[in-house]
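*Asks:* I am attaching a structure below and will ask some questions about it afterwards.
The values are calculated or read from the model by the stated rules, or taken from the named source; none is laboratory data. If you're wondering where the values come from, they're calculated on a predicted model, not measured in any experiment. Here the Cβ is made from the backbone with ideal geometry for all residues, glycine too, and neighbour counts use every protein chain on show. When the accessible area is computed, the model is the full protein with side chains, heavy atoms only, and any ligands, DNA or RNA have been set aside. Shrake-Rupley method; radii C 1.70, N 1.55, O 1.52, S 1.80 Å.
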Amino acid sequence: MNEYILKQLGSVVSTENIYPDEKMDKHTTFRTGGKADCYIKVSSQKELCDLIKLLKTMDREYYIVGNGSNLLVSDEGYKGIIISMLGSMSDISVDGDLIYAQAGALNSQVARVAKDNSLTGLEFAAGIPGTVGGAMIMNAGAYDGEMAGVVKSVDILNKNGEVMTLTNSEMDFGYRHSAIKNSGHIVLGASFKLQKGDVASIEAKMQDFASRRREKQPLEYPSAGSTFKRPEGLFAGKLIQDAGLKGYTVGGAQVSEKHAGFVINKGNATSSDIYRLIKDVQAKVLENSGVELEPEVIMLGKF
């Protein structure tokens, strides 16, 4: 990235938060991916708004990331600007039975704040590795809950650069879907409407979910969680297992032997390994069961 562009970016973002030619394997839970032209940490809503406005005037491609927990970045990298709110735009506040969290807050952090304030409803989110921003886009969920059941409203920066608030119904939540998915809008934060509960009961529920995760999921390896969306009335993991693919390997990528719904990095996988494995799984499951699995993982860059 040339000095002129870096100088322009430095006019709206602190230079210490601008990382040219940043390797994305440091910023995804798969621990793979090539270099982005530039990786930028934004520290405030104003900084984010100013940066987006600048990038549009410069006609520069950009992509917003949180924890990188649902993202596969090409080994060739990303020819654009990666913008991260993780760890900066992450304030969480409580007002009675309402919690407001900025987009960069981790779902696990919001769940802990809820528990500490005797608020129930977000226990399911304690083990979801992503951020609030990603959770709103994907209507993240686990076990007995999903964001659709607890979100009151979502603040966004729309594609015209205006800050808007969308109600729960306007979000049009569905399975791994929301109205803002693929819309060009950027999540700024979300308000959660919870219920008063007992701290001990909330903690017990969170511990139960955590225990079930440890028992059934390959948490010891880098992954993006469940790799495929759940087909209606079926389970992706069972379809993959029935196709004889448990333990199937491409390079350093493997269909987990612990849970066939997870593709894991055994230690030296490339993004190409993971991508080829996903394609192989889709083809084999389609051949075996007639079901076309849809990846839950977002592919960024050239594959």
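*Asks:* Give me log10 I(q)/I(0) at q = 0.14, 0.17, 0.21, 0.23 Å⁻¹ for the stretch 73-202, Debye formula, one equal scatterer per alpha-carbon, no solvent.
*Replies:* Log10 I(q)/I(0), no solvent term: -0.59, -0.85, -1.24, -1.44.
*Asks:* Among GLY133, GLY141, GLY33, which one moves the most in a GNM of the chain with springs linking Cα atoms closer than 10 Å?
*Replies:* Of the options given, GLY141 has the highest mean-square fluctuation.
*Asks:* Here's another thing I want to ask about it. If you place +1 on the Cβ of every Lys and Arg, -1 on the Cβ of every Asp and Glu, and leave all else neutral, what size is the dipole of the stretch 1-122 about its Cα centre, to the nearest 20 Debye?
*Replies:* It works out to roughly 60 debye.
*Asks:* Can you pick out the pairs among LYS26/LYS56; LYS46/LYS181; LYS115/LYS266; LYS7/LYS79; LYS216/LYS266 whose Cα atoms lie more than 29 Å from each other?
*Replies:* The pairs that break the limit, which is 29 Å between Cα atoms, are LYS115/LYS266.
*Asks:* May I pose another question? So what's the stretch 187-272 giving for Cα Rg divided by 2.2 N^0.38 Å, two decimals?
*Replies:* 1.41
*Asks:* Also, I was wondering about something else. Which percent of the accessible area of the stretch 38-86 is formed by carbon and sulfur heavy atoms (probe 1.4 angstrom)?
*Replies:* That fraction is 48 percent.
*Asks:* Let me ask something else about it. Put a dot 7 Å past each Cα toward the Cβ at LYS238 and THR15; how far apart are the dots in nm?
*Replies:* For THR15 paired with LYS238, the spin-label model returns 5.9 nm.
*Asks:* Turning to a different aspect of this structure: How many Å² of accessible area per residue for the chain, probe 1.4 Å?
*Replies:* Value for the chain: 46 Å² per residue.
*Asks:* Further question: Between THR167, THR29, THR270, which gets the highest mean-square fluctuation from a Gaussian network model of the chain, Cα cutoff 10 Å?
*Replies:* The residue with the greatest mean-square fluctuation here is THR167.
*Asks:* Rounded to the nearest 0.05, what FRET efficiency do ALA200 and TYR175 have when you use their Cβ-Cβ distance and R0 = 41 Å?
*Replies:* Computed FRET efficiency for ALA200 and TYR175: 0.80.
*Asks:* Next question. Counting only residues 5 or more places away or on other chains, whose amide H sits under 5 Å from the amide H of SER69 once H atoms are built in the peptide plane?
*Replies:* THR29
*Asks:* Taking θ as phi - 60°, what are the ³J(HN,Hα) couplings along the stretch 274-279 by the Karplus curve (6.51, -1.76, 1.60), each to the nearest whole Hz, with x for Gly and Pro?
*Replies:* Using θ = phi - 60°, the values come out as 5, 4, 5, 4, 4, 5 Hz.
*Asks:* Given H placed 1.01 Å from N in the peptide plane, which residues other than close sequence neighbours of TYR78 have an amide H under 5 Å from its amide H?
*Replies:* Under 5 Å from the amide H of TYR78 lie the amide H atoms of LYS35, ALA36, ASP37, each far enough along the sequence or on another chain.
*Asks:* Continuing with the same structure: Mind putting a number on the dipole of the chain about its Cα centre? Charges go on the C-beta only, +1 for Lys and Arg and -1 for Asp and Glu, and I need it in Debye to the nearest 20.
*Replies:* Taking the Cα centre of the chain as origin, the dipole is about 360 debye.
*Asks:* Solvent-accessible area of ASP75, probe 1.4 Å, all protein chains present, reported in Å² to the nearest ten, please.
*Replies:* Number for this one is 60 Å².
*Asks:* Same structure again: Going by amide H atoms built from the backbone, whose H comes under 5 Å of the H on GLU296, apart from near neighbours?
*Replies:* PHE228, LYS229
*Asks:* Report ³J(HN,Hα) in whole Hz for each residue of the stretch 70-82, in order, from the Karplus equation J = 6.51 cos²θ - 1.76 cosθ + 1.60 where θ = phi - 60°; Gly and Pro get x.
*Replies:* Couplings: 9, 10, 10, 9, 3, 5, 7, x, 10, 7, x, 9, 9 Hz.
*Asks:* OK, next. Principal axis lengths of the chain from Cα atoms, whole Å, largest first?
*Replies:* If we take the Cα atoms of the chain, the spans are 54, 50, 31 Å.
*Asks:* Could you tell me the relative contact order of the chain? Use alpha-carbon pairs under 8 Å, at least six residues apart, and round to a whole percent.
*Replies:* Reported as a whole number, the value is 16 percent.
*Asks:* Assign one of three labels to the stretch 1-129, namely rounded, prolate or oblate, based on the Cα gyration tensor with a ≥ b ≥ c the square roots of its eigenvalues; rounded applies when a/c is under 1.5, prolate when it is not and a/b is larger than b/c, and oblate otherwise.
*Replies:* It comes out oblate by the Cα gyration axes.
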